[in-house]
Amino acid sequence: MLALIKTSTLLVIALLFATAALLIPSHLRSIDLVVIESNAQNGRAVRAVLDETISSAHTGSTLRILNATQVSPTVAQAYQAQIQALVEQYPSLRASGGPDRSFEDFLALIQFAPSTEIEPLALLPQLLPRSERASLSNMLKESSNANVAALLDARDLPGLIRLHPASHAAGAPYDAGILTLSLLIEGGHFSPTLAQQIGQTAAQAKLGTPTAVHALEDFAIATLSLGRQLDHRSLADLASITGSLADWGRMGTLFRAQPDRIDALYAALRFAGNPDSLYNYLAKNPETGNNDLDTALKNGPAATQQLLAEALPIFRPTQLLNQLLELTSSYRPQSVIELSQTNRTAALTVKASLFMSAGLAFALAMGAAWRASLSEIKAVERSTPSIIARNVFTSLIVALTLWACFEPGILKSKNTESETDSAPRIEFVVADTLNSLKSPVKAMQELNQVTLLVLALFFIAQLIIYCFCLIKLKEIAKQKLSASLKIKLLENEENLFDFGLYVGLGGTVLSLILVAVGIVEASLMAAYASTLFGILFVAILKVLNLRPYRRHLIIQANSETADANGALMKNIEL
């Protein structure tokens, strides 16, 4: 009875440790939704950004952030009313999306027809007509900015491959792209360093340098991709966070790849302040990236920054695990959420420690139960190195099993990319789907639930066989027979002791047949694991159980033989 109470207590402690680990919202290969939502500050984070943009009369940015963050209809209507009032007061905001002196001078020059609609106009369609481009170029020629002058000199540039120079009949796109860049530089929206780099590239391209011509053409293409979707003010906002020519090109690539997600991309770029993080995140998570990004955008800039910084998908539990999390979420302390948010490594360390503690409690419970079943045999001391190693090994196995059950994603293989071709490649002409963000990768097998189930079945089968063999050993040990006869009985049970190997080999062959036929979709690893389990369990049985007992019987049999010989010699003497 005491052993039962002890075993039950240890199992309850193991369950409590596992539950405590489950309450920590930190994962190895994903980020918990609770951590993302903790950055929302009850919606204040998004409203703070909206208040900042609307107070600056950035109507285009406000509308895009409203659409991307999916705020409540009541909140959205309040901001839309403010935008409507601004547009009615300043009609040029519909063309510009926000105040900008250089662009407003251009609008006055072309006599822009005002409108009371709040949806801002994209910049590129306004510059494609020849008359508008001529007016803008004449206005920019009066600029004292040397970088603007270098760009204007590169309008009629020979050596272009994908676009035509401004003087060509089909040169409107390239000309509009160059004029857009000039307008942004004139307005001071690019950093001085980047503006100088653009000007130097244009000057080198004018001299006929092939690399400069190609770079300027790429930059113009990226500008066209952004300008055909964004108003001038929104485009200027992206220019302000651009640190290099590559950043501008990557933003253009994203907008070409996802033309139906312009608002979300713009808001994510504004929140992140770094094009590389968004670009790399969508490339590494092509299947879940968009949904996870939308979730982060709803929770504000800090949530978006954390998601992109971690570069991990949002954790999506299974239905059963989700129900368990709902039952225990009310007991989760706020401190563990803050720890997972601020120090993910420390949170993972605490979670691993709790899982190990649960495994150790489980190992001690199994040890207590086994000691109780061997009451007639002297138990090995708990301080024996082999017992300590067994408990540690069992703890590790239980911890890994629990973690794999709570976070199945850790068993999935990651896509590997070659070092020389690790960047996503998106072509200008055909890059209109998110699939273009994917890099060429080798096909990798992934563990699924079927594979895990097969592994569990093979493991349990070997464990049952192992238990039967231990029962047979105990049965032979309890019999009141001579040591020599017990040795013969052990030899008779040799096939039983090797039965784990037979089952392991049979499981491997059967699994390979089922996979080949297509009946199951488990990984080949599960098939080979069957033989591995058989080898391991039979080795453990023969090395740790059978060999010591057989050695004991051999010594006992030799002693009995010596005693018998001594008695025989005494009888002969008598």
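The values are calculated or read from the model by the stated rules, or taken from the named source; none is laboratory data. Worth saying up front: this structure is predicted, and the values here are computed from it rather than measured. For neighbour counting, all protein chains shown are included, and Cβ atoms are generated from backbone atoms with ideal geometry for every residue, glycine included. Surface areas here come from the heavy atoms of the whole protein model, side chains and all, with no ligands, DNA or RNA. Shrake-Rupley method; radii C 1.70, N 1.55, O 1.52, S 1.80 Å.
With respect to Ala302, determine if the residue is open to solvent by 20 Å² or more (accessible area, probe 1.4 Å), modelled with pLDDT of 90 or more and within 17 Å of Val49 (Cα to Cα). Here the answer is yes, as Ala302 does meet what is asked. When Gln204 is evaluated against the numbered criteria (1) within 30 Å of Gln89 (Cβ to Cβ); (2) modelled with pLDDT of 90 or more, which criterion, by number, is the only one it fails? Going through (1) within 30 Å of Gln89 (Cβ to Cβ); (2) modelled with pLDDT of 90 or more one by one, Gln204 breaks only (1). Being part of a helix (DSSP H, G or I), in contact with a Gly (Cβ under 6 Å, 6 or more places away or on another chain) and buried (at least 21 other Cβ atoms within 10 Å of the Cβ) is the requirement here; does Val46 meet it? Yes: the conditions hold for Val46. For region 305-316, the set of residues classified as touching a strand residue (DSSP E or B) at 6+ places or on another chain (Cβ under 9 Å), surrounded by fewer than 22 Cβ atoms within 10 Å (Cβ to Cβ) and in a helix (DSSP H, G or I) consists of Gln306, Glu310, listed by residue number.
Contact map, region 481-506: residues that are open to solvent by 90 Å² or more (accessible area, probe 1.4 Å) paired with residues that are assigned to a helix (DSSP H, G or I) and hydroxyl-bearing (Ser, Thr, Tyr), Cβ distance under 6 Å, separation 6+ or inter-chain. Pairs shown: Leu505/Thr531. You will find that of Ile13, Ile83, Ile5, Ile31, the residue that is open to solvent by less than 40 Å² (accessible area, probe 1.4 Å), among the aliphatic types (A, V, I, L, M) and either within 30 Å of Ala368 (Cα to Cα) or out of contact with any strand residue (DSSP E or B) (no Cβ under 9 Å at 6 or more places or on another chain) (or both) is Ile83 and no other. Looking only at residues in region 147-158 that are assigned to a loop (DSSP other than H, G, I, E, B) and open to solvent by less than 30 Å² (accessible area, probe 1.4 Å), the one that is nearest to Leu107 (Cα to Cα) is Ala154. On the basis of being under 48 Å from the mean Cα position of the chain (by Cα), at pLDDT 80 or above and open to solvent by 20 Å² or more (accessible area, probe 1.4 Å), does Ala539 make the cut? Yes; evaluated as a whole, the condition is true for this residue. Look at (1) within 25 Å of Ser96 (Cβ to Cβ); (2) in a helix (DSSP H, G or I); (3) of a type outside the set (A, V, I, L, M, F, W, C) and you find that Asp218 fails only one, number (1).
Considering only region 159-182, state which residues are among the hydrophobic types (A, V, I, L, M, F, W, C) and not in a loop (DSSP other than H, G, I, E, B). Result: Ala172, Ala176, Ile178, Leu179, Leu181.
Scanning for something charged (D, E, K, R) and assigned to a helix (DSSP H, G or I), does region 493-510 turn up at least one residue? The answer is yes; a qualifying residue exists. Considering only residues in region 16-28 that are open to solvent by 20 Å² or more (accessible area, probe 1.4 Å) and part of a helix (DSSP H, G or I), the one that is nearest to Ile337 (Cα to Cα) turns out to be Ala20. Determine whether region 130-142 contains at least one residue that is within 30 Å of Thr211 (Cα to Cα), of a type in the set (S, T, N, Q) and open to solvent by 20 Å² or more (accessible area, probe 1.4 Å). Taking every residue of region 130-142 in turn, at least one turns out to be within 30 Å of Thr211 (Cα to Cα), of a type in the set (S, T, N, Q) and open to solvent by 20 Å² or more (accessible area, probe 1.4 Å). Scanning region 317-346 for residues that are assigned to a loop (DSSP other than H, G, I, E, B) and either out of contact with any helix residue (DSSP H, G or I) (no Cβ under 8 Å at 6 or more places or on another chain) or small (Gly, Ala, Ser) (or both) returns Pro333, Asn343. Scanning region 255-277 for residues that are more than 20 Å from Thr62 (Cβ to Cβ), open to solvent by less than 20 Å² (accessible area, probe 1.4 Å) and without any contact (Cβ under 8 Å) to a residue 40 or more places away in the chain gives a single hit, Pro275.
Can Ser102 be described as of a type in the set (S, T, N, Q), out of contact with any strand residue (DSSP E or B) (no Cβ under 7 Å at 6 or more places or on another chain), open to solvent by less than 30 Å² (accessible area, probe 1.4 Å) and over 23 Å from Phe271 (Cα atoms)? Criteria met by Ser102. Restricting Asn274, Asn322, Asn280 to those that are modelled with pLDDT of 90 or more and not small (Gly, Ala, Ser) reduces the list to Asn280. Residues in region 110-129 that are open to solvent by 60 Å² or more (accessible area, probe 1.4 Å) and modelled with pLDDT of 85 or more: Pro125, Leu128.
Does Lys442 satisfy being surrounded by fewer than 12 Cβ atoms within 10 Å (Cβ to Cβ) and at pLDDT below 60? It is true that Lys442 is surrounded by fewer than 12 Cβ atoms within 10 Å (Cβ to Cβ) and at pLDDT below 60.
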